[in-house]
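See structure below.
The values are calculated or read from the model by the stated rules, or taken from the named source; none is laboratory data. Remember, it's a predicted structure, so these values are computed and weren't measured experimentally. When we count neighbours, we look across all protein chains shown, and the Cβ atoms used for this are built from the backbone with ideal geometry, even at glycine.
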Amino acid sequence: MLAEGEGLGLELRVDRWTLHKWCLVISVCTVFVYGTAGLICAILTWFRAWDSADVMYVADYDLLVFITLSASILLFTALIGFSGTLLNSRPLLAVYALLLWPAFLSLLVIGYTAYKRSAFALDRKLNLAWSQWYTPLGRRVVQDALHCCGFYSALHEAAPSARCYPRTPLPGCKGKLWRFERANLATIWGTVFSLVPVHILNIFVALLCANHVTRTFGKGITPKRYRLNGEDVRSDAAALMKVLSDVRPVARPGFTRAPSSGVFREDKSYYDSLDDWEEGSNGDTVGLGIHHR
């Protein structure tokens, strides 16, 4: 009986996902993937889990903060997108499409900052940062990570340590720091700018497919302007009662029954005359040989 379904008035057929919904799922998955990848890289850097992570922590602290914030925005946006897609919620998908724009701006900030720092006078920027921006503790962290001492040499603004002293054989940090920063910044802005077209595509998919996650036009709910409320019902009832009060009421006919007087029993007098006629006709038919039984 359940297999037939029609006898019970049930619709047992499960609707398939529309093409727009599949596109949304794939798009949200891509946002989730590069958001998760960025957050993992940021966490590994914060906890110094890879070689030379200390150098990036000191030299590119602002970029590390931007990457963490951007990855968090991307992950939050992806979670909103997953919720809206699986629940077929157009309001959530609208929020998802809106949050893609701050995420896009955060990617541009990271890429522009890394490219500008890498492409324009990187050596001079490192010289200025080593002299004025890095603290003695930051210099020592860079020296220990790159196995160097001082900027140009051990006698140039070095942070003294067990391996960094005036007559140490370690070279200066300028060359190693410059090579690390050039490679690290190129990796950052190259990765971010390669994600920009993908993110723009995700924005277009969200804008085009968010309103077609199901085959239902709109939300499937009666618009608010067409809904009845208590005031509408009362006004309609008052108008109906006014119309009915203007119409003249129709009198209901009462019950009637036949009178008991013999004057009005015409049917009885008619049948009595028929009986008299039959009695008179019986006497006339004897001579014709018809016997009445």
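From (1) modelled with pLDDT of 90 or more; (2) farther than 30 Å from T45 by Cβ, pick out the condition that doesn't hold for R179.
(2)
Would it be correct to say that F120 is of a type outside the set (V, I, T), out of contact with any Lys or Arg (no Cβ under 7 Å at 6 or more places or on another chain) and at pLDDT below 90?
Considered against the rule, which asks whether it is of a type outside the set (V, I, T), out of contact with any Lys or Arg (no Cβ under 7 Å at 6 or more places or on another chain) and at pLDDT below 90, F120 comes out as yes.
Let's see how each residue does on (1) among the β-branched types (V, I, T); (2) touching a strand residue (DSSP E or B) at 6+ places or on another chain (Cβ under 9 Å); (3) in a helix (DSSP H, G or I); (4) modelled with pLDDT of 90 or more:
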| site | (1), (2), (3), (4) |
| --- | --- |
| W17 | no, no, no, no |
| H20 | no, no, yes, no |
| T30 | yes, no, yes, yes |
| I40 | yes, no, yes, yes |
| L44 | no, no, yes, yes |
| V65 | yes, no, yes, yes |
| L75 | no, no, yes, yes |
| G81 | no, no, yes, yes |
| L93 | no, no, yes, no |
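For R179, work out the one condition from (1) without any contact (Cβ under 8 Å) to a residue 12 or more places away in the chain; (2) among the basic types (K, R); (3) within 30 Å of A103 (Cβ to Cβ) it doesn't fulfil.
(3)
Filter the stretch 46-91 down to the residues that are over 30 Å from T18 (Cα atoms) and among the aromatic types (F, W, Y) and list them by number.
Hits for the stretch 46-91 are W46, F47, W50, Y57, Y61, F66.
What number goes with the only condition from (1) assigned to a helix (DSSP H, G or I); (2) touching an Asp or Glu at 6+ places or on another chain (Cβ under 9 Å); (3) without any contact (Cβ under 8 Å) to a residue 60 or more places away in the chain that K116 does not pass?
(2)
Among the residues of the stretch 49-94 satisfying the criterion of being charged (D, E, K, R) and surrounded by 15 or more Cβ atoms within 10 Å (Cβ to Cβ), which is nearest to W189 (Cα to Cα)?
Only one residue tops the list, namely D60.
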